[in-house]
Every structure is written in C-alpha cells, then in structure tokens.
Amino acid sequence: MSPQGRNHFRIVLTGGPGGGKTTAADLFRREIGKKVVVVPETATMLFTGGFPRVGEPKARAATQRAIFHAQVALEDIQGALYPGRVLLCDRGTIDGAAFWPEEAPEGFFKTMGTTLQAELERYDAVIFFESAAVGDISIEGGNPARTESNAQARELDIRLRDLWSKHPNFHFIPHSASFFEKLRGGLAELQQIVDANGLLESPA
C-alpha cells in the first residue's frame, strides 16, 4: 500500500530530454516482471499518434493541458487495472510546468486547477535522470517525438530539477560519460526504493 493511501506505489522517472529514463523503466520492468507496471510517456504517445506540436504560445499551452489530463487518466487507469503493483511512470504531471510557454510555472498549476504540492503528493518517489546534454552529448535519436536542441534540453533539465527536487523522496542520477554506468545507478536507486518499502514482497 502506498504511503498516500492508494492501493499501489507510484514512482516517477523524470529529467531533461535524453536522460535515459525510458530505457531504465523498460529494463526494470523486464528485471522485476509483472509486479511492476510502466505508465508510458503521455507526450510521446500523443505526438507519435499525430497530435500537433507547434511553437505558438497559445497552442503550446493547449498541448500541455491535453498532456496533463491524459497523464492523470493514464496513471489512474493503470492503477485501477493493476492494484497492488508498482506503477513506474515515465514522466509525471509536474513535467508540463517546465514546458509551459510562460517563464513562471505558477501559470501552469493555476490553469490545471492544482498546485505543485498536490502534484508532488501524487507520487511516492522520484528518480531524476540528468540529461546527457549536460555533458554536451547529442540527445538525437531514440525518441522520434524529441525535437529539443542540446541547449533547450539543458534548460529543461534545470527547470524540471527545480520542480521535482522539492519532493521528500527525490533521487538524483547525474550525467555520466558511460550510459551503462548511469543506467546501473538508476536501477540501483529503483531497487533500493522497492526494497526499502517492501514493494515486491509476497503477501503473507
């Protein structure tokens, strides 16, 4: 049982573009099996399905509204379908604040009718994968929906970290020249979280 009273424990994997979170989520699911359910990245699902992606501010705001509400619904659907399992969320509801067309994130939360604190409480733990762009490594490839330059990725990484680091169970995975070592560190943090909370133990 989640500390928040839900029938599942919810971990969000986030970070700047090109951080390796999606790869880490897939690897952990393969390692642990059916006790973990991955909630896929909502933005990628929408964009690869034909949802328009444009730069005009009002259009960007409309896009983030759609992503937010779809994210909430997808997490709730997975939680209802798989009670008792660990939900591993590829990004969370707070991420949209970093992509909001205005500089300050307060407008995002006001528009969504929520607060940063309320959204932090949706998740029991946060693992933040720092973008490879921080080390000036190209983030091209892997995700067809990714359009950010390295400079944009670094800026988003800073914004996202500022928001998510306020979570009391925040874990930071720094950029590494070795992607394998970075993934290993992230997977170790995931394992530590599930072990500390007894999440994969069979009921007595």
Taking Cα pairs closer than 8 Å and at least 6 residues apart, the relative contact order of the chain in percent is 31 percent
1/(1 + (r/R0)^6) with r = Cβ-Cβ of residue 158 and residue 106, R0 = 22 Å, i.e. FRET efficiency to nearest 0.05, evaluates to 0.80
By the Cα gyration tensor axes a ≥ b ≥ c (a/c under 1.5 gives rounded; else a/b larger than b/c gives prolate, otherwise oblate), the shape of segment 69-134 is oblate
Label model pair residue 181, residue 27: point-to-point distance (7 angstrom along the Cα→beta-carbon line) in nm is 1.4 nm
Once both label points are put 7 Å beyond Cα along the C-beta direction, the residue 65-residue 45 separation in nm becomes 2.0 nm
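I need the shape label for the chain. Rule: rounded when a/c is under 1.5, else prolate if a/b > b/c, else oblate, with a, b, c from the alpha carbon gyration tensor.
oblate
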For segment 108-125, Karplus-derived ³J(HN,Hα) couplings (6.51, -1.76, 1.60; θ = phi - 60°; whole Hz; x for glycine and proline) come out as 5, 5, 5, 4, 7, x, 8, 9, 4, 4, 4, 6, 4, 6, 5, 10, 8, 7
Rounded to 0.05, the calculated FRET efficiency for the beta carbons of residue 166 and residue 37 at R₀ = 25 Å is 0.45
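Laboratory data are not the source of any read-out in this text; all were calculated from the coordinates shown. Predicted, not measured: the structure shown is a model, and the values here were computed from it. Neighbour counts are summed over all protein chains in view; Cβ atoms, including those assigned to glycine, are modelled from backbone coordinates with ideal geometry.
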